[in-house]
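Notes follow once the structure below has been shown.
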Amino acid sequence: MAERIKVPYKRYCKTLKLENNAELIAKYKEAHAIGAIWKEIEAGMREVGILDMEIYLTGNTLFMIMDTVIDFDHEEAMGKLGTLPRQQEWEAYVSNFQASGEGASADEKWQLMERLFELEQVEAFEPLAGQVKK
C-alpha cells in the first residue's frame, strides 16, 4: 500500500435524504458504483479543491465525508463547481433519487453537519469553515 503524505486539509461532513424507495436507492447506488461516476464530475471536484470524497448509506440517509485543500472556501467552490462541464446535468440526474424540492441546489440538498467529538480534539470549527485536519 502506498504511504499517504500528511498535509493539513479541511474536512466537511454532510448528510442528505434519498427518497424512501428501494428501487430508487438501488439506482442511486448504481450511479455511484466504481467507475460509474462521469469523468467530468470527478475532474470538476478536483478542480475546485476536493481531494477526496466518500459517501455512506444507511436506510435512505446518505453521509458524505469531503476532504479539501486547506484554503478551500466552501461557498465559492460549490458555486464554481456548479458551472463546470456536466455538473448541472449530473445534479439533475441524481436529484431523481433525492428527497428534496425540485430545483434545489447542491447546498440545499447536502446539509453540513456540526462535529461534536473527535478523539484528541484541540480546536473546534464551524461547519461551513470545515474541520482543519493535520
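Identification of strands (runs of 3 or more DSSP E) wholly contained in the range 1-105 with 1 or more residues that are of a type in the set (A, V, I, L, M) and open to solvent by 60 Å² or more (accessible area, probe 1.4 Å) yields 50-58. Annotation note: Cβ proximity below 7 Å between a residue of the range 41-64 that is of a type outside the set (A, V, I, L, M, F, W, C) and a residue that is assigned to a helix (DSSP H, G or I) (sequence gap 6+ or interchain) occurs for Gly44/Leu81; Gly44/Gln87; Gly49/Ala77; Asn60/Ile25. The residues in the range 106-121 that are surrounded by 10 or more Cβ atoms within 10 Å (Cβ to Cβ) and over 16 Å from the mean Cα position of the chain (by Cα) can be counted, and the count is 2.
Apart from one condition, Met78 fits all of (1) of a type in the set (A, V, I, L, M, F, W, C); (2) in contact with a Pro (Cβ under 9 Å, 6 or more places away or on another chain); (3) closer than 17 Å to Arg11 by Cα; the exception is (2).
Looking across the range 75-102, the residues that are under 15 Å from Lys39 (Cα atoms) and among the acidic types (Asp, Glu) come down to Glu89, Glu91.
If you go through the range 122-134 and keep only what is open to solvent by 70 Å² or more (accessible area, probe 1.4 Å) and in a helix (DSSP H, G or I), you end up with just Leu128.
The values are calculated or read from the model by the stated rules, or taken from the named source; none is laboratory data. Since the structure is predicted, the reported quantities are computational estimates derived from the model, not experimental observations. For neighbour counting, all protein chains shown are included, and Cβ atoms are generated from backbone atoms with ideal geometry for every residue, glycine included. With ligands, DNA and RNA removed, areas are computed over all heavy atoms of the protein, side chains included. Shrake-Rupley method; radii C 1.70, N 1.55, O 1.52, S 1.80 Å.
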